[in-house]
Amino acid sequence: FLDIEATGLSYTQDKLIELGMVKCEYNRHGSIFRLLDDFSGYQDPGSPIPEYITELTGINDDMVRGRKIEENAVADYLQDVDLIIAHNAQFDRIFLENTFPSLPPKAWGCLMYDVDWDKEGISSRKLEYIAYKFGFFHEGHRAINDCLAGVHLLAQQLPKSQEPVLKELLNQSAAIRFKLYAVNSPYDRKELLKARGYRWSMSQNDKYRAWSIELIEDKVAEEINYLRSNIYSTSSINIPVEILDAYNRFSSTN
């Protein structure tokens, strides 16, 4: 489990300031056997940390001044790792790859998006809220604390399906996904797209600025027909489709 704190949300402008990682052993049934060694370090961003980031994380300039996380140390720690899990992988992966560009590609999973929290009756995907729904609290927005909270959540059973959280995440993260982009969709159709599960592509590693949805293969043709019939009202429109697996999903480079 990996978590990153940064000076902001833009990987092209902001910098990593803290990296935390916690290893655990698990099986394909979603049972976690034990925690192994952890990794934690600060990184000097080379400029003052914004005040709101210090208020959010508690990390100030004195804590990171002159500190550096060595890429070789990160690579050594990740060498025997089969799967990296983050709570918001589209944030953490892109900052990790931008800060340490020579790391070998790994499979990734996302606790935020690879578990259907809505179906389980949990209305928010924020880590602190999900933890609260499972009956525990932690000091959020510190890397190791968020990692330990994430691992603890993975060891729980989902409230409705009673499946282990980790098993659901393993199944979903291993699936081949097809990401459809409703490029230049009419503005008055946005509520239809939102109701169908589309999200606006705000992530900087998205290929398009558009409403998008991820689907498994047998749903793709049906969704393209829906877009052509109900969103664009023409059968000739081209729908961009991106094929994703655990190795390139959430990544800006792989």
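The values are calculated or read from the model by the stated rules, or taken from the named source; none is laboratory data. Keep in mind that this is a model prediction, so the values were computed, not measured. In this analysis, Cβ positions are derived from the backbone assuming ideal geometry, glycine residues included, and neighbour counts consider all displayed protein chains. Surface areas here come from the heavy atoms of the whole protein model, side chains and all, with no ligands, DNA or RNA. Shrake-Rupley method; radii C 1.70, N 1.55, O 1.52, S 1.80 Å.
Using the structure shown, decide if residue 144 is surrounded by 14 or more Cβ atoms within 10 Å (Cβ to Cβ), not basic (Lys, Arg) and not in a helix (DSSP H, G or I).
The answer is no for residue 144.
Residues in the range 174-222 that are assigned to a helix (DSSP H, G or I) and within 30 Å of residue 106 (Cα to Cα): how many?
Summing the residues that are assigned to a helix (DSSP H, G or I) and within 30 Å of residue 106 (Cα to Cα) in the range 174-222 gives 6.
Can you tell me which residues in the range 100-159 are farther than 30 Å from residue 71 by Cα and charged (D, E, K, R)?
Answer for the range 100-159, where residues must be farther than 30 Å from residue 71 by Cα and charged (D, E, K, R): 116, 118, 119, 120, 125, 133.
Somewhere in the range 101-110, is a residue without any contact (Cβ under 8 Å) to a residue 40 or more places away in the chain and in contact with a strand residue (DSSP E or B) (Cβ under 7 Å, 6 or more places away or on another chain)?
No, because not a single residue in the range 101-110 is without any contact (Cβ under 8 Å) to a residue 40 or more places away in the chain and in contact with a strand residue (DSSP E or B) (Cβ under 7 Å, 6 or more places away or on another chain).
So which residues in the range 74-93 are closer than 14 Å to residue 18 by Cα and either at pLDDT below 95 or surrounded by fewer than 17 Cβ atoms within 10 Å (Cβ to Cβ) (or both), if there are any at all?
91
If the requirement is being open to solvent by less than 80 Å² (accessible area, probe 1.4 Å) and either over 22 Å from residue 130 (Cβ atoms) or without any contact (Cβ under 8 Å) to a residue 60 or more places away in the chain (or both), which of these qualifies: 173, 201?
201
Based on what the data block shows, is residue 32 open to solvent by less than 40 Å² (accessible area, probe 1.4 Å), in contact (Cβ under 8 Å) with a residue 12 or more places away in the chain, β-branched (Val, Ile, Thr) and out of contact with any Lys or Arg (no Cβ under 7 Å at 6 or more places or on another chain)?
Judged against the criteria, residue 32 is not a match.
Restricted to the range 220-244, and to residues that are surrounded by 14 or more Cβ atoms within 10 Å (Cβ to Cβ) and under 21 Å from residue 116 (Cα atoms), which residue is modelled with the lowest pLDDT?
Selected residue: 244.
Applying the selection to the range 114-141, what residues are free of Cβ contacts under 8 Å to residues at least 40 places away in the same chain, hydrophobic (A, V, I, L, M, F, W, C) and either closer than 21 Å to residue 2 by Cβ or open to solvent by 60 Å² or more (accessible area, probe 1.4 Å) (or both)?
117, 130, 131, 134, 136, 137
Can you pull out every residue in the range 114-140 that is under 15 Å from the mean Cα position of the chain (by Cα) and on the phi > 0 side of the Ramachandran plot?
If the condition is that a residue be under 15 Å from the mean Cα position of the chain (by Cα) and on the phi > 0 side of the Ramachandran plot, then no residue fits.
For the range 122-133, state whether one or more residues are modelled with pLDDT of 95 or more, over 21 Å from residue 177 (Cβ atoms), in contact with a strand residue (DSSP E or B) (Cβ under 7 Å, 6 or more places away or on another chain) and among the hydrophobic types (A, V, I, L, M, F, W, C).
no
Pairs only if they're at least six apart or on different chains, beta carbon under 9 angstrom, first in the range 71-94 and of a type in the set (Gly, Ala, Ser), second exposed (fewer than 14 other Cβ atoms within 10 Å of the Cβ); list them, first residue then second.
75/102; 75/104
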